[in-house]
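Q: Please find one structure pasted underneath; my questions will follow.
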Amino acid sequence: MENEDICKRIVQRQKDRRKREKRIKIVVLACVLVVFLAAAAGTIVYKMQGSKSNNTGRNKTAVKEETAKKEQEKNTEEETDAADNDLFEKPVYFKKSATYQDMLSPEVLSPYVALADINKNEIIAGKSYDTRIFPASMTKVMTLIVIVENLKSLDETFEMTAEIIDPLARQQASRAGFEPGEVVSAKDMLYGLVLASGADCSVGLSELVCGSENGIVDLMNKKCKEMGLKNTHFMNTSGLHDENHYTTPLEMAMILKYAMSNETCAEILSTYQYTTAANEIHPEGILLTSTMFSRMYGDEVNTVKIISGKTGYTMEAGNCLVSYAERGQDKYIAVTAGASNRWNVIFDDFYIYGNYIPNPPGYSKNGNVQTDTAQEDVNAE
């Protein structure tokens with residue numbers, strides 16, 4: 001009996017041992033499986049992080065390359081623009097040329113004259129070119145510059161008022177012809193400002209852009225400082241006489257040079273005739289004619305083509321003209337002021353361009369003035 005019990009205990013211990021061994025194997029297998037799964041998961045995460053890191057690196061590189069490309073393109077565009085506008089981008093104060101000529105010829109009747117080579121920023125000939133003068137309606141070149149640079153759109157409109165028209169009529173100021181109550185576009189007023197020398201347009205544009213004429217005058221004087229002008233100051237937008245409203249022939253040439261660097265200003269200053277939009281007050285619009293091109297065609301001198309300009313007149317200023325001429329790549333500006341006759345400044349220009357700029361081979365040194373080609377005269381200044 002005792003032996004039987006011993007045998008049973010031995011059998012039971014063997015069974016218990018097999019159970020423990022089986023549990024141990026299960027635990028070991030489970031641990032191995034966990035380690036394997038953890039390793040596999042780690043590998044996947046690592047690969048994903050590596051891929052993300054590579055993509056981020058590639059994205060950063062791509063962004064840097066794209067930024068560098070855009071910066072290069074921008075610099076190239078700026079360099080191109082600078083080359084195209086080299087004559088105009090940086091206002092440079094005109095200096096007296098080493099080969100400057102005094103205009104001693106009796107053919108030049110205007111007492112104040114400047115002839116500028118604007119490629120070189122030099123005054124190459126003149127007469128009292130740095131003396132203060134009253135610019136009269138040549139003022140409107142600066143008015144044009146400031147209005148165009150501050151105008152939101154050429155399509156903006158403004159209603160002309162009696163408060164603008166009546167004082168100008170009493171002062172006998174030149175006007176484009178707009179009437180109180182007439183709604184006019186900024187574009188039409190700009191052409192009226194230059195071609196007809198309209199003071200109604202200068203005041204109307206001032207109120208449209210700045211709320212008052214004084215506001216635009218402030219901008220005009222600020223622009224003078226930006227351009228480095230030393231002897232120019234404005235008191236109004238139209239050129240009506242004021243003792244504190246002045247410039248010099250030299251600085252008037254600089255102002256026109258600046259205006260011709262602006263596409264809109266250059267187009268307006270170069271136009272012979274323009275018709276405003278039709279409306280109830282003017283069903284056919286108003287035909288505006290350039291006060292300069294009404295007296296010339298621009299090809300009267302065989303060595304240059306007169307492209308644009310602006311006249312002026314008050315009793316105190318006399319007759320004035322600032323004009324821009326080209327001969328191939330050569331560009332010139334002439335200012336004639338203080339003349340006693342409105343035709344003097346025109347024929348002075350012809351003579352000056354024909355006799356005081358270096359002539360190309362094959363041309364005789366004369367103005368080749370064609371006195372029979374003047375266009376219809378007009379009274380507006």
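Q: Going through the range 152-171 one residue at a time, which ones are buried (at least 18 other Cβ atoms within 10 Å of the Cβ) and under 14 Å from Cys210 (Cα atoms)?
A: Phe158
Q: Can you name the number of the only condition in (1) among the charged types (D, E, K, R); (2) modelled with pLDDT under 95; (3) under 24 Å from Ser128 (Cα atoms) that Glu280 fails?
A: The single condition Glu280 does not satisfy is (3).
Q: Is it the case, given these coordinates, that Asp166 is in a helix (DSSP H, G or I), modelled with pLDDT under 95 and either over 22 Å from Ala317 (Cα atoms) or not assigned by TED's automatic domain parsing to the domain that holds Met254 (or both)? Write out each step before concluding.
A: Values: in a helix (DSSP H, G or I): yes; modelled with pLDDT under 95: yes; either over 22 Å from Ala317 (Cα atoms) or not assigned by TED's automatic domain parsing to the domain that holds Met254 (or both): yes.
The answer is yes for Asp166.
Q: For the range 298-317, how many residues are in a loop (DSSP other than H, G, I, E, B) and closer than 23 Å to Thr139 by Cα? Quick ask: steps written out before the conclusion?
A: From the range 298-317, those in a loop (DSSP other than H, G, I, E, B) are 298-304, 315-317; that's our starting set.
Still in the running and closer than 23 Å to Thr139 by Cα: 298, 315-317.
Final tally of qualifying residues: 4.
Q: Taking into account only those residues within the range 321-353 that are surrounded by fewer than 22 Cβ atoms within 10 Å (Cβ to Cβ) and among the polar types (S, T, N, Q), which is farthest from Ser197 (Cα to Cα)?
A: Result: Gln329.
Q: Turning to a different aspect of this structure: Confirm whether Asp117 is out of contact with any His (no Cβ under 6 Å at 6 or more places or on another chain), surrounded by 14 or more Cβ atoms within 10 Å (Cβ to Cβ), farther than 13 Å from Leu208 by Cα and not β-branched (Val, Ile, Thr).
A: It is true that Asp117 is out of contact with any His (no Cβ under 6 Å at 6 or more places or on another chain), surrounded by 14 or more Cβ atoms within 10 Å (Cβ to Cβ), farther than 13 Å from Leu208 by Cα and not β-branched (Val, Ile, Thr).
Q: Another question, then. Assuming Ile216 fulfils every condition listed in (1) over 21 Å from Val322 (Cα atoms); (2) surrounded by fewer than 19 Cβ atoms within 10 Å (Cβ to Cβ); (3) within 19 Å of the chain's Cα centre (by Cα) apart from one, which condition is it?
A: (2)
Q: Filter the range 172-183 for residues that are buried (at least 16 other Cβ atoms within 10 Å of the Cβ) and on the phi > 0 side of the Ramachandran plot and give the result.
A: Within the range 172-183, just Gly177 meets the criteria.
The values are calculated or read from the model by the stated rules, or taken from the named source; none is laboratory data. Remember, it's a predicted structure, so these values are computed and weren't measured experimentally. Counting neighbours? That spans all protein chains shown, and the Cβs are built from the backbone with ideal geometry, glycine included.
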